[in-house]
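Worksheet for the structure shown next.
The values are calculated or read from the model by the stated rules, or taken from the named source; none is laboratory data. Just so it is clear, the structure is predicted and the values come from calculations on it, not from any experiment. As a convention, Cβ positions derive from the backbone with ideal geometry for all residues, glycine included, and neighbour counts pool all protein chains shown.
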Amino acid sequence: MPTRTPAAALILLVAAAIAGGAGCDRAEPQPQPQAGEKRADGGAPAAPAPSGKVLEAAENESPAASARPQAGAVPAGPARVEIPAGKLVAGSTPGDKGRDPALEPALLDVELGGFTIDRYLYPNDPAQPPLTGVTRARASELCEQAGGRLCTELEWERACKGPEGTPYAGGAAWDPACAKAPASCASGFGVLGMGAALREWTASDVAPIENLQPKAAAVRGATASASSVDHRCARRAAVDPGASGDDIGFRCCHGAPNAASIPSPQWQQTYRRAEIGPQQVAELLASVPQLRDLGGEVTFFKEPDDVKVVLSRGRTRLSPSGTPALQPEASPPPNTTLTTSPLLWNPVPGEEVLVVTGKSDDDSFIVAFLKLPGDRYRIASSLLLKGDRGPIALGFNGYVRRRLTWATCWDCRGESGNVTYRDDNRVVITQR
């Protein structure tokens, strides 16, 4: 067998969330199965049917300057704002900066009835500062005394996103001036200070997720010092309803409350085989600018033959003297399965990632796509091996949620690495 040389010189990292990926992978133990943890073994395979163009990674998007909200003088208006009945697309797009998939739904369509919301935070008087330092129960009592009720979180989000459904109150990007003068920044409906300088209690609860998220009160908005992405209308936090602080206020709504709520995602099977064909993958790749250079016909590697090739390559390596040396037969760690098939990966509740390996002409690739509603996809991370026809195998363990392994030569330095779901909810492909 010919001696394998490290492929570092052949690898081109491409696109998406790969920036800053080197060194981000963390050692992760193989835990014993717990309640809520689903094995990858068995179960029906997924059958993706991609539709539409692949969305660009959030890192490569930049809102138009004209879309930025502009803080400034707001015309005087009534103390309450009428919000008409209509559809709210709640939550955010998988891959959005700052999105927590366990808390923010993926573009959830919700029909809401009309309601009225206070233009300002309680006491709804521009001459007085917002009231803070009360528990949710006390905030609810004060709204009732004022003839209203505490807003539900979906009512709050609709009032914030406005009739156009903008990510931030009043625009597509965060204007830092709103943190300094929240009463000068209006949502599309004319509600002031939403998500600008204070968090806000809502009447809604965050539903529990087994072993991850206890039941808690849903809080919206952000403090003035929060990062820009935390000011998004979809931003959601789970807070003890008995807590209080000078950074949490509230506003009141009027009229019959909307019963709609946000369901929490639950643990799914960690890995499933994805029944998707090379032509479908080729169409996905063709709509990603950074991957159009692949050019030729996309084909998958063969299983189990190419898995055996990856393992066998690990036997022949260079000795310290630089001569080929036959090593013991390589084998994956316990509970690890090697495959060349596409995988649908559930690293955390609320997130699904399609991971595909293949080749095109003289190049091989690994690509991770975030799955969106409607079987749409968004590029998450990719790695091209220029001039290397592979094969590439993926190694996965159903007990290891946030990481799988890739290799062209099993356990060979420079020819293997990880696909990792980081703590900041980004997917990175790294070489080791």
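Return the total of residues in the stretch 98-115 being crowded, with 18+ Cβ neighbours inside 10 Å and over 20 Å from Trp345 (Cα atoms).
4
Can you name the condition, by its number, that Ser364 falls short on among (1) buried (at least 24 other Cβ atoms within 10 Å of the Cβ); (2) of a type outside the set (Lys, Arg); (3) within 30 Å of Leu107 (Cβ to Cβ)?
If we test Ser364 against (1) buried (at least 24 other Cβ atoms within 10 Å of the Cβ); (2) of a type outside the set (Lys, Arg); (3) within 30 Å of Leu107 (Cβ to Cβ), just (3) comes out false.
Conditions (1) surrounded by fewer than 21 Cβ atoms within 10 Å (Cβ to Cβ); (2) touching a residue at least 12 places away in the same chain (Cβ under 8 Å); (3) farther than 18 Å from Gln268 by Cα; (4) aromatic (Phe, Trp, Tyr), marked per residue:
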{"site": "Val355", "(1), (2), (3), (4)": "no, yes, no, no"}
{"site": "Leu370", "(1), (2), (3), (4)": "no, yes, no, no"}
{"site": "Gly374", "(1), (2), (3), (4)": "yes, yes, yes, no"}
{"site": "Arg389", "(1), (2), (3), (4)": "yes, yes, yes, no"}
{"site": "Arg403", "(1), (2), (3), (4)": "yes, yes, no, no"}
{"site": "Cys409", "(1), (2), (3), (4)": "no, yes, yes, no"}
{"site": "Arg413", "(1), (2), (3), (4)": "yes, yes, yes, no"}
{"site": "Val419", "(1), (2), (3), (4)": "no, yes, yes, no"}
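Return the residues of the stretch 318-352 that are among the polar types (S, T, N, Q) and either farther than 30 Å from Pro105 by Cα or modelled with pLDDT under 90 (or both); say none if nothing qualifies. Full working, then the answer.
Going through the stretch 318-352, the residues among the polar types (S, T, N, Q) turn out to be 319, 321, 323, 327, 331, 335-337, 339-341, 346.
Answer for the stretch 318-352, where residues must be among the polar types (S, T, N, Q) and either farther than 30 Å from Pro105 by Cα or modelled with pLDDT under 90 (or both): Ser319, Ser321, Thr323, Gln327, Ser331, Asn335, Thr336, Thr337, Thr339, Thr340.
Each row is one residue, and each column tells you yes or no for (1) under 22 Å from Arg136 (Cα atoms); (2) under 23 Å from the mean Cα position of the chain (by Cα); (3) in contact (Cβ under 8 Å) with a residue 12 or more places away in the chain.
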| site | (1), (2), (3) |
| --- | --- |
| Tyr168 | no, yes, yes |
| Ala186 | no, no, yes |
| Trp201 | yes, no, yes |
| Thr223 | yes, yes, yes |
| Arg236 | yes, yes, yes |
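Do you know which residues across the stretch 229-256 are assigned to a strand (DSSP E or B) and of a type in the set (A, V, I, L, M)?
Ala237, Ala238, Val239, Ile248
Just to be sure I understand, how many residues within the stretch 267-317 are at pLDDT 90 or above, polar (S, T, N, Q) and within 24 Å of the chain's Cα centre (by Cα)?
Of the residues in the stretch 267-317, 4 are at pLDDT 90 or above, polar (S, T, N, Q) and within 24 Å of the chain's Cα centre (by Cα).
Do we have any residue at all in the stretch 190-209 that's out of contact with any strand residue (DSSP E or B) (no Cβ under 8 Å at 6 or more places or on another chain) and more than 30 Å from Tyr122 (Cα to Cα)?
yes
In the stretch 132-164, how many are assigned to a loop (DSSP other than H, G, I, E, B), touching a residue at least 60 places away in the same chain (Cβ under 8 Å) and surrounded by 15 or more Cβ atoms within 10 Å (Cβ to Cβ)? Break it down into steps so the answer makes sense when it comes.
Step one: list which residues in the stretch 132-164 are assigned to a loop (DSSP other than H, G, I, E, B), which gives 132-135, 146-148, 151-152, 162-164.
Narrowing further to those that are touching a residue at least 60 places away in the same chain (Cβ under 8 Å): 132-135, 146-148, 151-152, 163.
Then keep just the ones that are surrounded by 15 or more Cβ atoms within 10 Å (Cβ to Cβ); that gives 132, 134-135, 148, 151-152.
Total meeting the criteria: 6.
All but one of (1) under 18 Å from Glu56 (Cα atoms); (2) not in a helix (DSSP H, G or I) hold for Ala282; state the number of the condition that does not hold.
Condition not satisfied by Ala282: (2).
Give the residues of the stretch 165-187 that are of a type in the set (Gly, Ala, Ser) and either closer than 26 Å to Ala203 by Cβ or part of a loop (DSSP other than H, G, I, E, B) (or both), sorted by residue number. So that I can check it myself, show each step before the final result.
Within the stretch 165-187, the first condition is being of a type in the set (Gly, Ala, Ser), and the residues that meet it are 165, 169-173, 177, 179, 181, 183-184, 186-187.
If the condition is that a residue be of a type in the set (Gly, Ala, Ser) and either closer than 26 Å to Ala203 by Cβ or part of a loop (DSSP other than H, G, I, E, B) (or both), then Gly165, Ala169, Gly170, Ala172, Ala173, Ala179, Ala181, Ala183, Ala186, Ser187 are the ones that fit.
Just checking, how many residues over the stretch 340-365 are charged (D, E, K, R) and within 11 Å of the chain's Cα centre (by Cα)?
Summing the residues that are charged (D, E, K, R) and within 11 Å of the chain's Cα centre (by Cα) in the stretch 340-365 gives 2.
Tally up the residues in the stretch 405-419 that are closer than 18 Å to Glu303 by Cα and either of a type outside the set (A, V, I, L, M, F, W, C) or at pLDDT 90 or above (or both), please. Spell out the reasoning first.
Within the stretch 405-419, the subset closer than 18 Å to Glu303 by Cα is 405-410.
Those still in the list that are either of a type outside the set (A, V, I, L, M, F, W, C) or at pLDDT 90 or above (or both) too: 405-409.
Summing the residues that are closer than 18 Å to Glu303 by Cα and either of a type outside the set (A, V, I, L, M, F, W, C) or at pLDDT 90 or above (or both) in the stretch 405-419 gives 5.
For the condition crowded, with 17+ Cβ neighbours inside 10 Å and under 29 Å from Gln266 (Cα atoms), what is the one hit in Ala218, Ala196, Ala186?
Details: Ala196 fails: under 29 Å from Gln266 (Cα atoms); Ala186 fails: under 29 Å from Gln266 (Cα atoms).
Every option except Ala218 fails the conditions.
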